[in-house]
Amino acid sequence: MRVDIGNALAAEATPGIPRDALDTLDERVAAAHERIERGIEAREHGYAALALPETVDTDEIRAAVEPLSDCETLVTVGIGGSALGAATLCDALSPEFDSVVLDNVDPDETSRVLSELDVERTAMHVVSRSGTTAETLATFLVLREAFERAGVDWTDRTLVTTGEEGNLRALADQHGLPVLDVPSGVPGRFSVLSSVALPAAAMAGADLEALVAGARSESETLSDSLFSCPAYAYGATSYALALRGWRVNAMCPYAESLETFAEWFAQLWAESLGKDGLGQLPTRAVGATDQHSQLQYWRAGPRDTMVTLVRPDERASCPIPETDLEGIGYLGGTDLGTLLDTEFDATEASLAAAGRPTVRVEIDRVDERALGELLYGMEAACVLAGELFDVETFTQPAVEWGKRAAGGLLGGEETTEAARVGEKTRLVVE
């Protein structure tokens, strides 16, 4: 992974980061790196995620999915970090594999998915660290009933990833289901390189060893300076821009296969850094499509959005035929990939001309090794940014508030959060 922060500097962006301010910030990066290193070595909560390239057992994961190898469809049942990692890996590496993610409890969408499933050729991977996640368990019960109606033994088609205790663990023990443990000390949004998401990649035929090797190679770049560490360069630059008013971070990969990666990034960045009135709001886009929608805001709207432009150096070839159509003859004989890269360069230059900051992130190609580098790099960048913002990177108190409110409303333990729902102020216009 390579990161170019030149267009975030004061020479290009208004306001941008003065070069001497970057040098001063690098002293804080060195101190933050020491803290991160200690956390990794001690496998502290959260920091343990950055040790996954050394601790994950890919053999165990492949063995767990082997009994499901005759299935043509995998349904991942989870929410947030329990689902986005699997979706990211499958969409980027094996788009031809029939990977379905049920990560919401929208009854219309769930019913549509069930109506199209051939359950006789379907396996499910149910993921919940606590084993009590309401959305996940509710969807699992609906899916299990669909298997039973079709006369298919769901216990032969179900893999569980969960914690040591909880309803899901008890269910797995009761029915003798294969179980993978969620990694200790790794929050869900940081768990893509673990038993949470790698089973889906394994089912899809991805090379797990190459994926982990890519992450490991990126972990080896972590150092005490942002000038020698791409991940820290990205995290520190995002932090410095946020302090200067660029409080929105638009993640825009120029590769359709990385569109779900932008969703994964959005959860990672928002849930980790959005605390104490700090952080950045991550938004999602894909190039070149969003040049025709969001670029207008990025370039001419409020001066609040930095844009992260991601692209692979190598793409598949798709030649554009020669044409004699008036005005577009220049396209003939080139390639769609060349056109997309040109669009990337033009967008970057357009934003720089308007004094809007961008950061360029490049990988060799969209494959297992490069994706491992990218995912690990963004996790490390997020951890560094959390250290610089001085927030509790690995907690999500606002999310827990909503969970307690929903649990109380659904008939669980009474909570003050549930009571607060009934106090809503109403002004209805019909």
Per the filter on the range 1-30, residues within 27 Å of the chain's Cα centre (by Cα), hydrophobic (A, V, I, L, M, F, W, C) and under 20 Å from ALA346 (Cβ atoms) are ILE5, ALA8
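Considering each of VAL119, VAL160 in turn, give the residue that is crowded, with 17+ Cβ neighbours inside 10 Å, outside the structural domain of GLU263 (by TED's automatic domain parsing) and more than 26 Å from the chain's Cα centre (by Cα).
On the way: VAL160 fails: more than 26 Å from the chain's Cα centre (by Cα).
One residue alone meets the criteria, VAL119.
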Near pairs, Cβ below 6 angstrom, 6+ apart or cross-chain, from the range 164-180 (under 13 Å from SER195 (Cβ atoms)) to any residue that is among the small types (Gly, Ala, Ser): PRO178/ALA64; VAL179/ALA172; LEU180/ALA64; LEU180/SER195
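Given the residues GLU271, GLU314, which is the only one that is touching a residue at least 40 places away in the same chain (Cβ under 8 Å) and not in a helix (DSSP H, G or I)? Quick ask: steps written out before the conclusion?
Working: GLU271 fails: not in a helix (DSSP H, G or I).
Only one candidate passes the filter, namely GLU314.
Being under 17 Å from THR161 (Cα atoms) and not hydrophobic (A, V, I, L, M, F, W, C) is the requirement here; does GLU72 meet it? Write out each step before concluding.
Working: under 17 Å from THR161 (Cα atoms): no; not hydrophobic (A, V, I, L, M, F, W, C): yes.
For GLU72, the condition - under 17 Å from THR161 (Cα atoms) and not hydrophobic (A, V, I, L, M, F, W, C) - is not met.
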Any residue in the range 67-86 that is over 21 Å from the mean Cα position of the chain (by Cα) and among the acidic types (Asp, Glu)? yes
Taking the range 7-26 as the search range and keeping residues that are in contact (Cβ under 8 Å) with a residue 40 or more places away in the chain, assigned to a helix (DSSP H, G or I) and of a type outside the set (A, V, I, L, M), which one is farthest from ALA213 (Cα to Cα)? ASN7
LEU309: out of contact with any strand residue (DSSP E or B) (no Cβ under 7 Å at 6 or more places or on another chain) and either outside any strand (DSSP E or B) or touching a residue at least 40 places away in the same chain (Cβ under 8 Å) (or both), yes or no? no
Qualifying positions in the range 103-139 - in contact with a Cys (Cβ under 7 Å, 6 or more places away or on another chain) and assigned to a helix (DSSP H, G or I): ARG121
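For a quick check of your reading: which helices (runs of 4 or more DSSP H) sit entirely within the range 165-235 and have at least 2 residues that are closer than 29 Å to LEU141 by Cβ and not assigned by TED's automatic domain parsing to the domain that holds ALA21?
Working: elements: 167-175, 198-203, 208-219.
Answer list for the range 165-235: 167-175, 198-203.
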Within the group VAL75, VAL29, VAL3, which residue is surrounded by 20 or more Cβ atoms within 10 Å (Cβ to Cβ) and either over 30 Å from ARG303 (Cβ atoms) or without any contact (Cβ under 8 Å) to a residue 12 or more places away in the chain (or both)? VAL75
THR161 vs. criteria β-branched (Val, Ile, Thr), at pLDDT 95 or above and assigned to a helix (DSSP H, G or I): no
All but one of (1) over 16 Å from the mean Cα position of the chain (by Cα); (2) under 19 Å from ARG189 (Cα atoms); (3) surrounded by fewer than 24 Cβ atoms within 10 Å (Cβ to Cβ) hold for ASP103; which doesn't? (1)
Give the range 238-253 a look and list any residue that's touching a residue at least 40 places away in the same chain (Cβ under 8 Å) and surrounded by fewer than 22 Cβ atoms within 10 Å (Cβ to Cβ), or say none. ARG244, GLY245, ARG247, VAL248
Within the range 55-85, restricting to residues that are in a helix (DSSP H, G or I) and of a type in the set (A, V, I, L, M), the one that is farthest from MET203 (Cα to Cα) is LEU84
Residue under question is THR88, and the condition is that it be closer than 17 Å to GLY372 by Cβ, part of a helix (DSSP H, G or I) and either among the acidic types (Asp, Glu) or assigned by TED's automatic domain parsing to the domain that holds THR136 (or both); does it hold? yes
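Looking at this structure, is THR136 outside the structural domain of GLN267 (by TED's automatic domain parsing), more than 30 Å from MET378 (Cα to Cα), of a type in the set (Ser, Thr, Tyr) and touching a residue at least 40 places away in the same chain (Cβ under 8 Å)?
On the way: outside the structural domain of GLN267 (by TED's automatic domain parsing): yes; more than 30 Å from MET378 (Cα to Cα): no; of a type in the set (Ser, Thr, Tyr): yes; touching a residue at least 40 places away in the same chain (Cβ under 8 Å): yes.
The answer is no for THR136.
Being more than 30 Å from VAL391 (Cα to Cα) and without any contact (Cβ under 8 Å) to a residue 40 or more places away in the chain: is that true of GLU60 here?
Numbers: more than 30 Å from VAL391 (Cα to Cα): yes; without any contact (Cβ under 8 Å) to a residue 40 or more places away in the chain: no.
Answer is no for this residue.
Just for the range 140-157: of the residues that are touching a helix residue (DSSP H, G or I) at 6+ places or on another chain (Cβ under 6 Å) and part of a loop (DSSP other than H, G, I, E, B), which one is nearest to ALA170 (Cα to Cα)? Reasoning before the result, please.
Looking only at the range 140-157, we keep the residues that are touching a helix residue (DSSP H, G or I) at 6+ places or on another chain (Cβ under 6 Å), and these are 144, 146-147, 150, 152, 154-155.
This time we only want the ones that are part of a loop (DSSP other than H, G, I, E, B), so: 150, 152.
Working: ALA150: 25, VAL152: 22 Å.
The qualifying residue nearest to ALA170 (Cα to Cα) is VAL152.
The values are calculated or read from the model by the stated rules, or taken from the named source; none is laboratory data. Not measured: the values here are computed from a predicted model. A quick note on method: Cβ atoms are made from the backbone with ideal geometry, for glycine too, and the neighbour counts reach across all protein chains shown.
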